[in-house]
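Structure, as C-alpha cells:
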Amino acid sequence: MDFTAIVSAMAPDTYNKLAEAVATGRWADGTPLSAEQKEQTLQLVLAYQSKVLKSQDIFTVGPDGQIVHKSKAELKKQFSDPAAIARFSHDDL
C-alpha cells in the first residue's frame with residue numbers, strides 16, 4: 001500500500017489522534033513520541049489535511065500542498081459575516 005492510499009484510507013478519528021500526538025509530543029497514553037515518530041506522524045497529518053480535508057483555513061495545508069495564507073482583508077471578509085459569530089448580550093443568562 002502506498003503513502004497516498006494510506007492517507008486516503010485513514011479514519012477521521014485516527015487523524016485526530018495523530019494530530020493531537022504531534023501537538024502535544026505524546027501519544028494518548030502519555031508515552032513521548034520519538035523524533036522519528038514525530039516526523040512521520042507530522043507527515044501523515046499534513047498529507048491528510050491536504051488530500052482529504054482540503055481545508056482552506058489559514059495555516060493549514062491546502063489541496064495544492066501549500067500552507068494556506070490569507071491577507072488581512074481576506075480574514076476580515078471571512079469573519080465579517082454577523083450570522084457566523086454568536087453574540088450575546090450581558091443579560092442573556
Which members of the stretch 22-43 meet the condition of being part of a helix (DSSP H, G or I) and over 24 Å from Gln66 (Cβ atoms)?
Thr24, Ala35, Glu36, Gln37
Candidate set: the stretch 1-24, residues that are small (Gly, Ala, Ser), surrounded by 12 or more Cβ atoms within 10 Å (Cβ to Cβ) and at pLDDT below 95; chosen: the one nearest to Val61 (Cα to Cα)
Ala19
Residue pairs within 8 Å by beta carbon, gap of at least six or interchain, first lying in the stretch 51-67 and at negative phi, second charged (D, E, K, R) and loosely packed, with under 14 Cβ neighbours inside 10 Å, listed first then second, are Gly62/Lys54; Pro63/Lys54
Just wondering, is there one or more residues in the stretch 44-62 that are at pLDDT below 80, surrounded by fewer than 11 Cβ atoms within 10 Å (Cβ to Cβ) and outside any helix (DSSP H, G or I)?
yes
For the stretch 24-77 the number of residues that are hydroxyl-bearing (Ser, Thr, Tyr) and within 16 Å of the chain's Cα centre (by Cα) is 6
Could you grab the pairs with beta carbons closer than 8 Å, sequence gap of 6+ or different chains, first residue in the stretch 4-15 and more than 15 Å from Thr41 (Cβ to Cβ), second one surrounded by 12 or more Cβ atoms within 10 Å (Cβ to Cβ)?
Thr4/Ala47; Thr4/Lys51; Ser8/Lys51; Ser8/Val52
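The values are calculated or read from the model by the stated rules, or taken from the named source; none is laboratory data. All figures in this text were calculated on a predicted structure; none of them were measured in a lab. Here Cβ is always computed from backbone atoms with ideal geometry, including for glycine, and neighbour counts include all displayed protein chains.
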